Amino acid sequence: MSKKCQLCTIEKATLKRPKTGQAICKSCFFEVFELEIHNTIVSNSLFKPGQRVAIGASGGKDSTVLAYVMKLLNDRYNYGLELVLLSVDEGISGYRDDSLETVKRNQIQYDLPLKIVSYKELYEWSMDDIVKEVGLKNNCTFCGVFRRQALDRGATMLDVDHIVTGHNADDIAETVLMNSNTSGDVARLQRCTEIVTSGESGLCRSKPFKYTYEKEIVMYAYFKELDYFSTECIYSPNAYRGHARVFLKDLEFIRPSTILDIIHSGETFQLKSSIKLPPQKTCERCGYISSNLICKACVLLEGLNRGLPQLGIGHTNRIRKIHGDTPENLSQIQHFSTIQKDEAMLADLASRHLKLSDTTKPPLSAGKMPPSW
Ligand SMILES: [Zn+2]
Ligand SMILES: [Zn+2]
């Protein structure tokens, strides 16, 4: 006789849940997976009704599942959010152009508006251009710094209140491991376990998958037959996360709760520490939030434009001493305060919102977990 699902005790158990090891059925898996994310959203009061929320969408498994689940929960629990997909085109031929095609299909599948901002339009450099200039060694530094700003700039064009990203529990646990054994940087450790951070002019960012295991995201995408792009970036073979990731997978194999334990230890550390983060200023060139006079993106861009790509990577002061200060008339990132709104998309969002507000549904509340969960 085949085993029954440990949650509903009616259906046949068809999978072993990675997070708990329970043998459960497919529909119970969907239920607990979605409910956990809903409860994370509600217990952390991530959103307020009427907010416009951009889903950082890359076409990969995490952000595709995030877009699907955000749409589902927004409808099911009546969050009252205006959802929009926001993608960054880094300009990586043979990789990002294909994954953007996936996002364009998701846009139709989930009936969500899509905005794409590109490195080329924002910085006048695509990642293909940057790699030609700097090679494969530090290109991920450029990409990471540029992507963060690109998302915030896209969000500003759409008057977005909140950006959600697909960072999952594994990503956060890895970041905790990396920050706790390398630099001992308390401020960074604090920031990486926070579920929500506020940035540019009140724009919030959050990670609804903070407690969601990567294996479960893959499983969910597989059983729901979601359309996502699974190729690794061609410019970051085994990225810098390599060692921490392998270590974490080994720990997870021995004890699945390790991932949550590491996140919780990062959180506990955060509570006990009274260390203040450096005061936030804005970059004097581009107006982006920065703890220095000039933000990292502006320094990196200056390096590219001057043919000194090491600028901002490590020896900025020494390089400035040798090569002199910033020449005038150097191409710069547009100032944040002058970013143009995307009027066409704002009109589209407004008309969708009118349609949405016709419906009446019960108010938002935390979901009840199945009894044995
Ligand atoms: Zn079941
Ligand atoms: Zn700047």
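The values are calculated or read from the model by the stated rules, or taken from the named source; none is laboratory data. Since we're looking at a predicted model, the values are computed, not measured. Positions of Cβ are backbone-derived with ideal geometry, glycine not excepted, and every protein chain shown enters the neighbour counts.
What number of residues in region 4-18 are assigned to a loop (DSSP other than H, G, I, E, B) and either among the acidic types (D, E) or within 11 Å of ligand 1 (Cβ to nearest atom) (or both)? Before the answer, list the steps.
First, pick out the residues of region 4-18 that are assigned to a loop (DSSP other than H, G, I, E, B): 5-11, 13-14, 17-18.
Still in the running and either among the acidic types (D, E) or within 11 Å of ligand 1 (Cβ to nearest atom) (or both): 5-11, 13-14, 17.
Residues in region 4-18 being assigned to a loop (DSSP other than H, G, I, E, B) and either among the acidic types (D, E) or within 11 Å of ligand 1 (Cβ to nearest atom) (or both): 10 in total.
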(message) Can you tell me which condition L346 does not meet? The list is (1) within 13 Å of ligand 2 (Cβ to nearest atom); (2) closer than 30 Å to C204 by Cα, and all the others hold.
(response) (1)
(request) Filter region 283-302 down to residues that are near ligand 2 (Cβ under 7 Å from one of its atoms) and in contact with a strand residue (DSSP E or B) (Cβ under 7 Å, 6 or more places away or on another chain) and give me whichever is nearest to L203 (Cα to Cα). (result) Y288
(request) Given the conditions (1) in a helix (DSSP H, G or I); (2) over 26 Å from Y77 (Cα atoms), report the number of the one that G21 does not fulfil. (result) (1)
(request) Taking I108 as the residue in question, decide whether it is in contact with a helix residue (DSSP H, G or I) (Cβ under 9 Å, 6 or more places away or on another chain) and on the phi < 0 side of the Ramachandran plot. (result) no
(message) Here is a check on your reading of the model: is Y77 aromatic (F, W, Y) and modelled with pLDDT under 95?
(response) no
(request) Taking S45 as meeting all but one of (1) within 16 Å of ligand 1 (Cβ to nearest atom); (2) without any contact (Cβ under 8 Å) to a residue 60 or more places away in the chain; (3) at positive phi, write down the number of the exception. (result) (1)
(request) Tally the residues that are modelled with pLDDT of 85 or more, of a type in the set (V, I, T) and farther than 30 Å from N139 by Cβ, restricting the search to region 214-269. (result) 2
(message) So, in region 24-52, how many residues would count as being part of a helix (DSSP H, G or I), aliphatic (A, V, I, L, M) and in contact with a Cys (Cβ under 7 Å, 6 or more places away or on another chain)?
(response) 0
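Pick out the one residue from K104, K137 that is free of Cβ contacts under 8 Å to residues at least 12 places away in the same chain and in contact with a strand residue (DSSP E or B) (Cβ under 8 Å, 6 or more places away or on another chain).
Details: K137 fails: in contact with a strand residue (DSSP E or B) (Cβ under 8 Å, 6 or more places away or on another chain).
So the residue among K104, K137 that is free of Cβ contacts under 8 Å to residues at least 12 places away in the same chain and in contact with a strand residue (DSSP E or B) (Cβ under 8 Å, 6 or more places away or on another chain) is K104.
Here's the yes/no breakdown for (1) within 16 Å of ligand 2 (Cβ to nearest atom); (2) modelled with pLDDT of 95 or more; (3) closer than 30 Å to L346 by Cα; (4) crowded, with 16+ Cβ neighbours inside 10 Å:
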residue: K19; (1), (2), (3), (4): no, no, no, yes
residue: F29; (1), (2), (3), (4): no, yes, no, yes
residue: H38; (1), (2), (3), (4): no, yes, yes, yes
residue: R52; (1), (2), (3), (4): no, yes, yes, yes
residue: G60; (1), (2), (3), (4): no, no, yes, yes
(request) Among the residues of region 295-353, write down those that are acidic (D, E), loosely packed, with under 10 Cβ neighbours inside 10 Å and at pLDDT 85 or above. (result) E343
